[in-house]
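A short worksheet on the structure shown next.
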Amino acid sequence: KQNSVNTQQQAKPVVSITPEQQLEASIREQVKNPGATDASFISLELQKGDSASDKLALVKILVTSTFSNSSFIRDTGRISAKVFNAIYTSGLPISNAFIWYSGEVTDRYGNKKQDVVLTYSMSKEVFQKINWSNFDSRNLCDLLKAEGRAGGLESGNNCVQLANF
């Protein structure tokens, strides 16, 4: 009787986690406790990039509240820096990453809806240039705006605020 119990326990299949699932779990962990901004992970989408082996990453995050617009930009800078770090150190062949922050907005007619309120985009090339141990990630949006202006839209680097909180 004892041998059949041991055999049944040993027969359980080993569940292996794909690199994509591992990346998603890592990103989910990075979005927790962002500061004065309440945010939660929505999804990770990996899409085909310019070459057959290249991928683009799109991370969607929901913002439910924040203290002020300035704290929102600081907090999302810290979150985004952690998310970009998770993406570009994952070992996956990702050349560009995008982070979309969504939240409830009111249009000019007074209607409330969920919409994208802030986007970050960073190429792996720019990620690798940053000295992350000395960089103040609260200023990530300013850096990416400057990179976007210097390299143009095709550079894959920018920070665009579409609505105020």
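The values are calculated or read from the model by the stated rules, or taken from the named source; none is laboratory data. Note that the coordinates shown come from a computational prediction; the quantities given were computed from them, not determined experimentally. FYI the Cβ positions are ideal-geometry reconstructions off the backbone, even for glycines, and counts take in every protein chain you see. Areas reflect the complete protein model, heavy atoms only, side chains present, ligands, DNA and RNA absent. Shrake-Rupley method; radii C 1.70, N 1.55, O 1.52, S 1.80 Å.
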Practice item. Could you tell me what percent of the DSSP beta bridges with both partners in segment 32-129 are antiparallel, to the nearest 5? Key: 70 percent
Check your understanding: Over the chain, what is the percentage of antiparallel beta bridges among all DSSP beta bridges, to the nearest 5?
Key -> 75 percent
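For the chain, what is the relative contact order in percent, using Cα pairs closer than 8 Å and at least 6 residues apart in sequence? Walk me through the intermediate numbers first.
Details: 269 pairs, mean separation 31.5, N = 165.
For the chain, the relative contact order is 19 percent.
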Check your understanding: Helix 140-151 versus the longest principal axis of the chain: what is the Cα-based angle in degrees, 0 to 90, to the nearest 10?
Key -> 70 degrees
Check your understanding: How compact and how long is the chain, expressed as Rg and Dmax of its alpha-carbon atoms in Å?
Key -> 19.3, 72
Exercise for review: Treating cross-link reach as a plain straight distance, find the aspartates and glutamates whose alpha-carbon is under 20 Å from the alpha-carbon of residue 112, omitting any fewer than eight places away in the same chain.
Suggested key: 38, 104
Study note, to complete from the structure: Taking protein heavy atoms only, a 1.4 Å probe, and rounding to whole percent, the accessible area of segment 29-114 owed to carbon and sulfur comes out at 49 percent
Revision key, fill the gap. The lysines whose Cα lies under 20 Å from the Cα of residue 82, excluding any fewer than 8 residues away in the same chain, are 32, 55, 60, 124, 129, 145
Practice item. Provide the gained length on full extension for the span residue 68 to residue 162, in nm with one decimal, where the gain is 0.36 nm per separating residue minus the Cα-Cα distance. Key: 32.3 nm
Point to revise | Unit charges at the beta carbon, dipole of the chain: most positive-side option, 162, 139, 64 | key: 64
Review point. So for the pair residue 111, residue 47, with labels modelled 7 Å out along Cα→Cβ, what separation do we get in nm?
Key: 2.5 nm
**Study point:** Additional length obtainable on full extension of the chain from residue 15 to residue 60, 0.36 nm per residue less Cα span
**Key:** 13.6 nm
